[in-house]
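Participant: Provided herewith is a single structure, encoded as structure tokens, for subsequent inquiry.
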Amino acid sequence: MAAGPRVLVRPAVGVLALQGDVVEHLRALRESGAEPAAVRRPDELDRVDGLVIPGGESTTMWKLIDVFGLAEQLRKRISGGMPVFGSCAGLIMLADRLPDPASGQQTLGGIDMAVRRNAFGRQVDSFERDLEVAGLDGPPYRAVFIRAPWVEGVGPSVEVLATDPGTSRIVAVRQGRALATSFHPELTPDRRIHQLFVDMVRDQA
Ligand code: GLN
């Protein structure tokens, strides 16, 4: 049978809603063609085709994941191939390795990378940068960084999507169905990163 026109279904994409910029991601996902849903409980996680882990504070987020009893199921779904996108603190949560964790801090893992928290230093708590991001058409991507982590090292199956031209540090990566950025696409009107992620979910769903 000949391939018909592409059906643009709205995949169900969750945002882990324990802490951080949840509302901004829900809006960005809706504007990018997904049906967004806040995820706080295991049954809510069961119902989504993909998940965003927002920016916020990774130490607090880990404590809440632990308190809400979500760690095991999150790890199972991520390792089982559910598409996942982490921004900033979310990138930290997806790191297989943290060289400088806070006391008791764990991550969910999923991307073969080492991530340093608060890496850009206090004097540049927050800044913007034009980035070339692999896979995005059009002009450079204007990225907002807030107490951002950077990626210090990646394994062979990780694709580097962007480096910061100021420091040459890795700030966007993809490994299979896991995508992560040091910056906050949810805080700017450019929807290309969320569209890329919604496409990844649609391809998988
Ligand atoms: N520095 C934060 C952390 O360690 C991340 C900052 C952010 O998400 N804006 O979790």
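Participant: Please state the charge dipole magnitude for the chain, taken about the Cα centre, from unit charges on C-beta atoms (+1 on K and R, -1 on D and E), reported in debye and rounded to the nearest 20.
Facilitator: Numbers: 24 positive and 26 negative charges, 43 e Å.
Roughly 200 debye for the chain.
Participant: Calculate I(q)/I(0) for the chain by the Debye formula, one identical point scatterer on each C-alpha and no solvent, and give its log10 at q = 0.15 Å⁻¹ to two decimals.
Facilitator: -0.86
Participant: I've got another one for you. I need the peptides 90-100, 59-69 ranked by packing, meaning the mean over residues of other C-beta atoms within 10 angstrom, with the highest value on top. Please report the intermediate quantities before stating the final value.
Facilitator: Values: 90-100: 22.2, 59-69: 16.5.
In decreasing order of mean packing, 90-100, 59-69 become 90-100, 59-69.
Participant: Right, here's the next one. Sort the following peptides by mean Cβ neighbour count (other Cβ atoms within 10 Å, averaged over residues), highest first: 110-117, 11-18, 133-140.
Facilitator: Output ranking for 110-117, 11-18, 133-140: 11-18, 110-117, 133-140.
Participant: How would SER168, SER182, SER87, SER103 line up from fewest to most surrounding beta-carbon atoms within 10 angstrom? Mind dumping the intermediate values first?
Facilitator: Details: SER168 8, SER182 27, SER87 31, SER103 5.
If I rank by nearby Cβ atoms, fewest first, I get SER103, SER168, SER182, SER87.
Coordinate-derived values only; no laboratory data. Not measured: the values here are computed from a predicted model. Note that we place each Cβ from the backbone using ideal geometry, even for glycine, and neighbour counts take in every protein chain shown.
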